[in-house]
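Just below is one structure, and these are the notes that go with it.
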Amino acid sequence: MKAILISSIASNQGKTLFTTALLNYYKTSVRPFKIGPDFIDPQFHHAICNTNSINLDSFIMNENQVKWIFDNYSDKNISILEGVMGFYDGMDKGCSSYDVGKLLNIPSLLLLDASGSYITISAVLKGLKTYKSDNTIKAVVLNKVSSNMHFELIKKQILDDFDDIEVLGWIKKDLKSLEHTHLGLDLAQKNDEELKDLTIEVLENIDLEKLEKLANYEKKEIEKYPFESFEKIDKKISIVYDENFSFLYYDNLVFLKELFSKVELVNPTKDETISNDTHLVFIPGGYVETEKSYNNIKDSNNFKNSLINHANKNRHIYAECAGLLYLAKCVDDKPMSGILNVEFTLTKKRVRLGYYYSQSGLKGHAFHYTKPLDTKNAIDILSKKENSKGELGAWRKNNVYGTYLHTMFRNNIKILKDYFGI
């Protein structure tokens, strides 16, 4: 099989653009991956190639678990991993593109912005190559290049300075296919013809034969399942899932299907209801606090009433971030379900971003602009460092639990015992 990791020196350097073109080019034979806890890029990957994207997170999971996740889902001809921020960003938490590339021994390709520069590009590359000698940087693609002559100048310098780097090509600046497009999910909203044009333009000067040769990867068999074992449960879980509650790690979905004998997806936007025989309701994160998102579900009374009835029967609910907000009484002037006795407000300033440890023993990720108006009913401190000071970030009432923390379930059997009623 083949595998390649796409990274750069920072965000907004062309990773999304290049990954888009590759996923569309290989769309019938590619498995996308995203390094880190991001929820947006995996949705974007799926929209491009119609194959679920898998998060590889070496902060939330240990090394053997990440290896298992990668090998388990590498079921296509080529695996394409999109990096996070800059190549070494996240090393302090053990989850950078460098960390994952080294762990899995996957060749890394750097997108380097060549606008307004030429010899300096090689100096930047030398810094990246020598910062950690055990990196897997094997190739570069130059972005925002003004002409073939510009490219050849930079290529010559890199080949003079390095004997272990492939220069796979270049992407010209001011692409016509991007004239009316913002990077990010807007790319995924292009139609097939527009994506085809974008892919042709981005890959026009890329040596894909060299890329495929470079991407050779020997898949290793994992001898032992590196997670705590479990037995299938003869119960039903209802997973709330729509455009508002879409922050759902794909492996969490797969794991819950492995764990429960019956799984149903409930769409609040369509005002679908939770089954009466459901044991557990899981509400993922997403968006519920903004005007546009709230309007999608504000009149979904059948759904809301079925959720309230489920809670009133003292059955289990587990909710993350936007799910937590929906369990609350309100977010500013927007009424929610009122199952938990807490009110939230939407702020202009970011309240949390990054990896967190919970007092209850979980590791995960949080990113939100809301905060509670009071924390008198709150539990579970979320802190940047293990066993350090932090702020309360979860609420519980009987068997209903809501938290700001997003995490992965397969390696956190503790969640099953403490919150799933299993």
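The values are calculated or read from the model by the stated rules, or taken from the named source; none is laboratory data. The shown structure was predicted, so the numbers you read here are calculated from the model rather than taken from an experiment. Positions of Cβ are backbone-derived with ideal geometry, glycine not excepted, and every protein chain shown enters the neighbour counts. Only protein heavy atoms, including side chains, enter the accessible area calculation; ligands, DNA and RNA are left aside. Shrake-Rupley method; radii C 1.70, N 1.55, O 1.52, S 1.80 Å.
Structure notes:
- A single member of SER388, SER383, SER358 is assigned by the TED database to the domain that holds LYS292, of a type in the set (Gly, Ala, Ser), out of contact with any Phe, Trp or Tyr (no Cβ under 9 Å at 6 or more places or on another chain) and over 21 Å from ASN312 (Cβ atoms), and it is SER358.
- Unique residue being more than 28 Å from the chain's Cα centre (by Cα) and farther than 20 Å from TYR419 by Cβ when the list is ASP277, ASP333: ASP333
- Leading residue by the ranking (modelled with the lowest pLDDT) among those in the stretch 70-97 that are hydroxyl-bearing (Ser, Thr, Tyr) and either open to solvent by less than 10 Å² (accessible area, probe 1.4 Å) or touching a Gly at 6+ places or on another chain (Cβ under 6 Å) (or both): SER74
- Verdict on SER261 being small (Gly, Ala, Ser) and open to solvent by 20 Å² or more (accessible area, probe 1.4 Å): yes
- If you go through the stretch 118-163 and keep only what is within 16 Å of GLY14 (Cα to Cα) and either of a type in the set (Lys, Arg) or in a loop (DSSP other than H, G, I, E, B) (or both), you end up with LYS144, SER146.
- Residues being touching a residue at least 40 places away in the same chain (Cβ under 8 Å) and either open to solvent by 20 Å² or more (accessible area, probe 1.4 Å) or not in a loop (DSSP other than H, G, I, E, B) (or both) - total across the stretch 53-69: 11
- Check on GLY393, within 24 Å of PHE230 (Cβ to Cβ) and small (Gly, Ala, Ser): no
- Just so you know, in the stretch 202-237 the residues that are in contact with a helix residue (DSSP H, G or I) (Cβ under 8 Å, 6 or more places away or on another chain) and closer than 24 Å to ILE422 by Cα include one that is least open to solvent (accessible area, probe 1.4 Å), and it is ILE237.
- Scanning the stretch 376-410 for residues that are in a loop (DSSP other than H, G, I, E, B) and either closer than 23 Å to THR290 by Cβ or among the hydrophobic types (A, V, I, L, M, F, W, C) (or both) yields a count of 4.
- When TYR225 is tested against the conditions (1) hydroxyl-bearing (Ser, Thr, Tyr); (2) outside any helix (DSSP H, G or I); (3) at pLDDT below 90, the lone failure is (3).
- Qualifying residue in the stretch 29-44 (condition: open to solvent by less than 10 Å² (accessible area, probe 1.4 Å) and modelled with pLDDT under 95): yes
- Within the stretch 98-117, restricting attention to residues that are out of contact with any Pro (no Cβ under 9 Å at 6 or more places or on another chain) and part of a helix (DSSP H, G or I), the residue that is surrounded by the fewest Cβ atoms within 10 Å (Cβ to Cβ) is LYS102.
- Hey, THR16 open to solvent by 10 Å² or more (accessible area, probe 1.4 Å), of a type in the set (Val, Ile, Thr) and out of contact with any Leu (no Cβ under 6 Å at 6 or more places or on another chain) or not: no
- Residue within the stretch 113-129 that is in contact with an Asp or Glu (Cβ under 6 Å, 6 or more places away or on another chain) and on the phi < 0 side of the Ramachandran plot present: yes
- Checking each residue in the stretch 1-47 for being closer than 21 Å to LYS172 by Cβ, touching a helix residue (DSSP H, G or I) at 6+ places or on another chain (Cβ under 7 Å) and of a type outside the set (Ser, Thr, Tyr) picks out ILE6, ILE9, LEU17, PHE18, ALA21, LEU23, ASN24.
- Any hit, the stretch 77-88, residues being of a type in the set (D, E, K, R), under 16 Å from the mean Cα position of the chain (by Cα) and not assigned by the TED database to the domain that holds PHE367: yes
- Residue match in the stretch 406-418 (condition: over 23 Å from TRP68 (Cα atoms), open to solvent by less than 10 Å² (accessible area, probe 1.4 Å) and touching a residue at least 40 places away in the same chain (Cβ under 8 Å)): no
The rows are residues; the columns are (1) surrounded by 13 or more Cβ atoms within 10 Å (Cβ to Cβ); (2) under 23 Å from ILE415 (Cβ atoms); (3) modelled with pLDDT under 95.
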{"site": "THR290", "(1), (2), (3)": "yes, no, yes"}
{"site": "ASN301", "(1), (2), (3)": "no, no, no"}
{"site": "HIS316", "(1), (2), (3)": "yes, yes, no"}
{"site": "CYS321", "(1), (2), (3)": "yes, yes, no"}
{"site": "CYS330", "(1), (2), (3)": "yes, no, no"}
{"site": "SER337", "(1), (2), (3)": "yes, yes, no"}
{"site": "THR345", "(1), (2), (3)": "yes, no, no"}
{"site": "GLY361", "(1), (2), (3)": "no, yes, yes"}
{"site": "HIS365", "(1), (2), (3)": "yes, yes, no"}
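- Flag if TYR326 is surrounded by 23 or more Cβ atoms within 10 Å (Cβ to Cβ) and either part of a strand (DSSP E or B) or not assigned by the TED database to the domain that holds MET408 (or both): no
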